[in-house]
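The next block holds one structure in the form of structure tokens; read it before the comments.
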Amino acid sequence: MTEVDVRTRVRARCIAVRVGSGLYGLPVEHVQEVIAMRAITRVFHAPAALAGVTNLRGEVLPVLELGVLLGAEAETPTGEARIVVVREPGGQKRRAGLRVDQLSGLRDVPAELSPPPSTASERARAAIRGVIAEAPPCAVLEVPALLDSSLLVELSGRGGGGG
């Protein structure tokens, strides 16, 4: 009975992923699936945040460099790299793959999160909902904020062009 009480007090869960030396959490309600690295076709003149596109069961899936969206440089994927397919549950229902260096399991997200560290880049702070303080610390990300990144605006057709 106590175990059930503990589970009902947990607000949410996230999939912990490594990108560079950072540990980040993607809320499970935004994760559609995790797939192995596969061929990614680079898009001509695309920003560095867009790794390219890949085929996911007959549909074109844009693959984003999570590290670049968070203010780091793009790195060559290792054998442990994965693509986490995320989506918005409501609203525009956008979907994209996020390239991560490694999966690190599931984490419970407490009701109270610590604020983002002041040492994080401005881009990272804009996408971090808060930090799970329990070791190892894990920054929980806002998927819509990642998809709305200023690095991707020119691709969306919503750019502030003069026309």
Check your understanding: For residues in the stretch 105-149 being among the hydroxyl-bearing types (Ser, Thr, Tyr) and out of contact with any Leu (no Cβ under 6 Å at 6 or more places or on another chain), which is farthest from Leu66 (Cα to Cα)?
Key -> Ser114
Exercise for review: Assess whether Leu23 counts as being in a strand (DSSP E or B), in contact with a Pro (Cβ under 6 Å, 6 or more places away or on another chain), under 30 Å from Pro110 (Cα atoms) and modelled with pLDDT of 90 or more.
Suggested key: yes
Review point. Counting only residues that are among the aliphatic types (A, V, I, L, M) and under 13 Å from Ala12 (Cα atoms), which one in the stretch 103-131 is surrounded by the most Cβ atoms within 10 Å (Cβ to Cβ)?
Key: Val109
Point to revise | Filter result for Val85 (over 23 Å from Pro137 (Cβ atoms) and assigned to a strand (DSSP E or B)) | key: yes
Check your understanding: Within the stretch 131-154, how many residues are more than 14 Å from the chain's Cα centre (by Cα), modelled with pLDDT of 90 or more and not charged (D, E, K, R)?
Key -> 6
Check your understanding: Of everything in the stretch 53-82 that's in contact (Cβ under 8 Å) with a residue 24 or more places away in the chain and assigned to a strand (DSSP E or B), which residue is farthest from Thr41 (Cα to Cα)?
Key -> Arg82
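For every residue, the table says whether it meets (1) in contact (Cβ under 8 Å) with a residue 40 or more places away in the chain; (2) of a type outside the set (Asp, Glu); (3) in a strand (DSSP E or B).
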site	(1), (2), (3)
Leu103	yes, yes, yes
Leu106	yes, yes, yes
Ser118	no, yes, no
Arg125	no, yes, no
Val131	no, yes, yes
Glu134	no, no, no
Val140	yes, yes, yes
Leu146	yes, yes, no
Ser150	no, yes, no
Check your understanding: Can you spot a residue in the stretch 86-106 that is aliphatic (A, V, I, L, M), within 16 Å of the chain's Cα centre (by Cα), modelled with pLDDT under 90 and at negative phi?
Key -> no
Check your understanding: Looking at this structure, is Arg57 basic (Lys, Arg), loosely packed, with under 14 Cβ neighbours inside 10 Å, more than 17 Å from Arg129 (Cα to Cα) and at pLDDT 90 or above?
Key -> yes
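The values are calculated or read from the model by the stated rules, or taken from the named source; none is laboratory data. Model, not experiment: these values are computed from the prediction. For neighbour counting, all protein chains shown are included, and Cβ atoms are generated from backbone atoms with ideal geometry for every residue, glycine included.
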